[in-house]
Amino acid sequence: MAQATIRFPRGFLWGTATAAHQVEGNNTNNNWWAWEQQEGRILQGHKSGLACDWWGGRWKEDLDRAAEAGQNAHRFSIEWSRIQPTPDQWDETALERYRSILRGMHERGLMPMVTLHHFSNPIWLEEQGGWENDDTPAKFAAFVRKAVDALKEYVSHWVTINEPNVYAYAAFNEGVFPPGKRNIGSTFHVMLNLVRAHAMAYKIIHEIQPESRVGLAMNYLSIFPATASPLDRFVAGVQSTIYNDLFPRAARDGKVNFMYRTVRIPEAAHTQDFLGINYYSRNVASFDLRAVSTLFGRMKHPEGVEESATGFIANVPEGFYEAMKWGLQFNVPMIVTENGVEDHEDKMRPRYIVQHIQQMWRAVNFNWPVKGYFHWSLVDNFEWERGWTQRFGLWGLDIETQARIRRNSVDLYADICKENGLSSAMVEKYCPEILARIFPD
Ligand code: BGC
């Protein structure tokens, strides 16, 4: 077989992504910590606990690993409840801690990308009604002003809100994230507040730092109708309009489209300098009159597709290509802010990485403006309501001892980052079973 290498443009960002509550440990002052103390909320009663002990300083060793593995960027989030522990108090020592983490990234040659909201809220905010309260966007904006002002020296790329679609659905519709509501009206209401909060944050960041790049990180779900029936096609369309399109279109046009009504938020227009895409999987949607809360759609993985260890992710790399094609409509650069798979034994991950990088290469070859890729994640971390049952890290984590366990994917991803590309030799070494598909004769 001929040797070949597919390459990415010079300056392409290669990194990993993490989030505060998932890696820091001891985030005792946020809604997730409180949620974890309630029985039945987290699978097997797991708790975030010390997580990856980043707050205790282990970010240093993990970022050493990232830099040694050829990465040139890292996406992480800052924890609102640490910076503003009570409504009228700013914790300067927490900000200083984040400043030293950011300096640590620069010292290691990692360009930081900072997420300002990644699923967790201060307990005080939650007690005031959280994202259902129409005052919350302004409170978020005050936090953003404080944080951006303190960290601006080190940061040029900001994600205002991570996956506002997932947050609104999981917390207010499915009830698996705090506050555990199951109400489609609340879900839509929260979506509006998230759009407002994003717009305010965008304006504030640009006021403080005109040259900065600000965007949302959207979870893009590839949604197909289960059959060719008009009803299945209709619900697939509804699901993807609300789940995928609503936020980035609002940030483009200032209009929030719920299908049955459109709400204008003019200040949200033109508030994305890049589109962050988090891509994991595909679902098929079928019409079901009983599925009122999910807009008459039932979702499941397509038949016959490879699934991850716990069945959480369907390995559909073409869906990733589709995500980037979809992203073109927003006319801004795209950054893959998350992509990865839970796989404790690292059997599927090498294949998943290679197949997805190949799809990204197809996109880049059409000159689509994809500027970087952040793998989820650097090290196993606390997987929300799924606790520690799912392992997304390139590095494994022993939560008892804090030991890091090197998986084969560490070396595969390092080879990709260092080469700024993917070679047939890499595929042959790490997942020979797909060599002929990735590099056909
Ligand atoms: C979230 C991450 C999460 C990952 C895997 C994404 O939806 O942004 O926080 O760990 O999915 O479940």
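The values are calculated or read from the model by the stated rules, or taken from the named source; none is laboratory data. Remember, predicted model here, so these are calculated numbers, not experimental data. Every residue, glycine among them, receives a Cβ derived from its backbone with ideal geometry; neighbour counts consider all protein chains shown. Surface areas here come from the heavy atoms of the whole protein model, side chains and all, with no ligands, DNA or RNA. Shrake-Rupley method; radii C 1.70, N 1.55, O 1.52, S 1.80 Å.
Rounded to a whole number, what % of the accessible area of segment 67-214 do carbon and sulfur atoms account for, probe 1.4 Å?
Ligands and nucleic acids excluded, carbon and sulfur reach 49 percent.
Output wanted: per-residue J couplings in Hz (rounded whole) for segment 394-403, from phi through Karplus 6.51 cos²θ - 1.76 cosθ + 1.60, θ = phi - 60°, x for Gly and Pro.
5, 9, x, 10, 8, 6, 6, 10, 6, 5
Within the chain, which is the longest segment containing none of the GluC sites (Glu not before Pro) that sit in a DSSP loop and have at most 15 other Cβ atoms within 10 Å?
After excluding every exposed loop site, the longest remaining stretch is 40-210.
Using a 1.4 angstrom probe, figure out how much accessible area the chain has per residue, in square angstrom, rounded to the nearest whole.
Using a 1.4 Å probe on heavy atoms only, each residue of the chain averages 38 Å².
Report P(r) for segment 365-413: all Cα-Cα distances, bin width 10 Å, range 0 to the bin holding the largest distance, values in whole percent.
Per 10 Å bin, starting at 0, the Cα pair percentages come out as 24, 41, 22, 12, 2.
Give me the dipole magnitude in Debye, nearest 20, for segment 12-72 about the Cα centre, with unit charges on the beta carbon: positive for Lys and Arg, negative for Asp and Glu.
Roughly 100 debye, rounded to the nearest 20.
Among D343, D149, D398, which one shows the biggest mean-square fluctuation in a GNM of the chain, springs joining Cα atoms closer than 10 Å?
Largest GNM mean-square fluctuation: D398.
For segment 193-259, count all C-alpha to C-alpha pairs, find those more than 21 Å apart, and express that count as a whole percent of the total.
38 percent
Extension gain N420-E153, at 0.36 nm per residue separation less the Cα-Cα distance, in nm?
93.3 nm
What is the local net charge at A291, summed over the other residues whose Cβ is closer than 13 Å to its Cβ (Lys, Arg +1; Asp, Glu -1)?
Around A291, the charge tally is +1.
Whole angstrom only: what separates the Cα centroid of segment 232-261 from the Cα centroid of segment 32-75?
So the separation of the two Cα centres works out to 33 Å.
Using Cα pairs under 8 angstrom and six or more residues apart, how large is the relative contact order of the chain, in percent?
With pairs under 8 Å counted, the relative contact order is 18 percent.
Using 20 Å as the Cα-Cα cut-off, could you pick out the over-long pairs in K181/K255; K203/K255; K139/K203?
K181/K255
Taking a ≥ b ≥ c as the square roots of the eigenvalues of the Cα gyration tensor of segment 272-358, is the shape rounded (a/c under 1.5), prolate (a/b larger than b/c) or oblate?
In terms of gyration-tensor shape, oblate.
Considering every pair of different Cα atoms, what Kirkwood radius, in Å, is found for segment 1-131?
That comes to 16.4 Å for segment 1-131.
Run the numbers for L43 and D88: contour at 0.36 nm per residue of separation, minus the present Cα-Cα distance, in nm.
Using 0.36 nm per residue and subtracting the Cα-Cα distance, I get 12.7 nm.
Across the Cα atoms of the chain, what radius of gyration and what greatest pairwise Cα-Cα distance (Dmax) are found, in Å?
Radius of gyration, then largest Cα-Cα span, for the chain: 20.6, 66 Å.
What number comes out for the charge environment of V176, summing +1 per Lys or Arg and -1 per Asp or Glu over other residues with Cβ under 11 Å away?
Surrounding charge for V176 is +2.
Find out how many positive minus negative residues lie around S281, taking Lys and Arg as positive, Asp and Glu as negative, among other residues whose Cβ is under 13 Å from that of S281.
Computed value for this residue: -4.
Which FRET efficiency value, to the nearest 0.05, do you get for E306 and R103 by plugging their Cβ-Cβ distance into 1/(1 + (r/R0)^6) with R0 = 45 Å?
Efficiency computed from Cβ-Cβ geometry: 0.60.
Given Cβ point charges of +1 (Lys, Arg) and -1 (Asp, Glu) and nothing else, what value in debye, to the nearest 20, does the dipole of segment 1-128 about its Cα centre take?
My answer is approximately 680 debye.
List every residue whose amide H lies under 5 Å from the amide H of F119, counting only residues 5 or more places away in sequence or on a different chain, with H placed 1.01 Å from N in the peptide plane.
Residues meeting the criterion, in which the H sits 1.01 Å from N, are N162.
Write down the Kirkwood hydrodynamic radius of segment 306-441, to one decimal in angstroms, obtained as one divided by the mean of 1/r over all alpha carbon pairs.
Computed over Cα pairs of segment 306-441, the Kirkwood hydrodynamic radius comes out at 15.7 Å.
Using θ = phi - 60° and the Karplus relation 6.51 cos²θ - 1.76 cosθ + 1.60, list the HN-Hα couplings for segment 177-194 in order, rounded to whole Hz, with x at every Gly or Pro.
10, x, x, x, 8, 9, 8, 5, x, 4, 4, 5, 4, 5, 4, 5, 5, 5
For segment 225-276, which trypsin sites (Lys or Arg not before Pro) pass both filters: DSSP loop (anything but H, G, I, E, B) and at most 14 other C-beta atoms within 10 Å?
When the trypsin sites (Lys or Arg not before Pro) of segment 225-276 are filtered for loop state and at most 14 Cβ neighbours within 10 Å, R261 remain.
For segment 302-441, which whole percent of the accessible surface, found with a 1.4 angstrom probe, sits on carbon and sulfur atoms?
The value for segment 302-441 is 49 percent carbon and sulfur by accessible area.
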